[in-house]
1. Testing residue 37 on (1) part of a loop (DSSP other than H, G, I, E, B); (2) more than 18 Å from the chain's Cα centre (by Cα); (3) not acidic (Asp, Glu), one condition comes back false. Which one is that?
2. In segment 33-42, what count of residues is obtained for those that are crowded, with 19+ Cβ neighbours inside 10 Å and within 21 Å of residue 219 (Cα to Cα)?
3. Can you go through 227, 126 and tell me which one is touching a residue at least 60 places away in the same chain (Cβ under 8 Å) and among the aliphatic types (A, V, I, L, M)?
4. From 87, 103, grab the single residue that is small (Gly, Ala, Ser) and in a helix (DSSP H, G or I).
5. Looking at (1) farther than 23 Å from residue 11 by Cβ; (2) at pLDDT below 95, can you tell me which one residue 211 breaks?
6. Of all residues in segment 103-115, which are of a type outside the set (Phe, Trp, Tyr) and surrounded by fewer than 23 Cβ atoms within 10 Å (Cβ to Cβ)?
7. May I ask you to list pairs of residues, at least six apart or on different chains, whose Cβ atoms are under 6 Å apart, with the first in segment 61-81 being crowded, with 17+ Cβ neighbours inside 10 Å and the second being part of a loop (DSSP other than H, G, I, E, B) and of a type outside the set (Phe, Trp, Tyr)?
8. Only one of these is among the charged types (D, E, K, R), farther than 30 Å from residue 84 by Cβ and at pLDDT 95 or above: 191, 119, 164. Name it.
Amino acid sequence: MKGKAYGVGVGPGDPELMTLKAVRLIKEKDIIMVPGTNPQESVAYKIAVQAVPELENKTVVPVDLPMLKDREELKRSHRKGAELIESYLNKGNDVVFLTLGDSTVYCTFTYIQEILKEDGYETELVNGITSFCAAASRLNIPLAEWNEPIHIIPAVHKANDELDLDGNYVLMKSGSHMKDIKERLVSKGRDVKAVVNCGMETEEVYQKAEDIPDETGYFTLLISKEV
């Protein structure tokens, strides 16, 4: 029998935010895969191993998934990753692929999952706490109240959006565009807060727009609410 592939979200950074299901699967399954070239340097691995020390004694396989803008190169990368996973599934091994945050939100594994499904393999997505929910908690604010809509935008791709919709904004991975984005939001009379490296040892929390540095790290999440 072929094995089953699980895309398991490990949350944004704090190992205490990992779900019981994620912990159980990591403990139960022998083959754990992580994005990158060196498993021990993977952010997802570093989070998971704190909650599941047994991970150090398991077979941990790196899956090289470089961040590329060329769509065709991306497809080839995803196909190569899928074939690596399939090589283990064909031996009857279940595979747990660790991913940051939640496995259904801007998750690289979902591209690989589509290939696996097309090739006839069984897959399952296991939720983790999203970075924006964790960031709202660290800022000690509700993400939305009453009938407020929430607009979740990958700022790394859509930094030039007008940002003029009603409701609250979550701008993910906004570090490289921070100066322009926060200035535009402030000019519209909005409140702007940010969390960098949420839940990690290097976490930084900013409650005011004027305190947010103009340049921040890749894992920067901005929350902007109407005043």
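1. Of the numbered conditions (1) part of a loop (DSSP other than H, G, I, E, B); (2) more than 18 Å from the chain's Cα centre (by Cα); (3) not acidic (Asp, Glu), the odd one out for residue 37 is (2).
2. Residues meeting the conditions: 4.
3. Numbers: 227 fails: touching a residue at least 60 places away in the same chain (Cβ under 8 Å).
So the residue among 227, 126 that is touching a residue at least 60 places away in the same chain (Cβ under 8 Å) and among the aliphatic types (A, V, I, L, M) is 126.
4. Details: 103 fails: in a helix (DSSP H, G or I).
Going through 87, 103 in turn, just one is small (Gly, Ala, Ser) and in a helix (DSSP H, G or I): 87.
5. Going through (1) farther than 23 Å from residue 11 by Cβ; (2) at pLDDT below 95 one by one, residue 211 breaks only (2).
6. Passing the criteria: 104, 105, 107, 108, 110, 114, 115.
7. 62/36; 62/37; 65/108; 77/65; 81/65
8. Working: 119 fails: farther than 30 Å from residue 84 by Cβ; 164 fails: at pLDDT 95 or above.
The conditions single out 191.
The values are calculated or read from the model by the stated rules, or taken from the named source; none is laboratory data. Only a predicted model underlies this, so the values are computations on that prediction, with no experimental measurement involved. Positions of Cβ are generated from backbone atoms using ideal geometry, with glycine treated the same way; all protein chains shown enter the neighbour counts.
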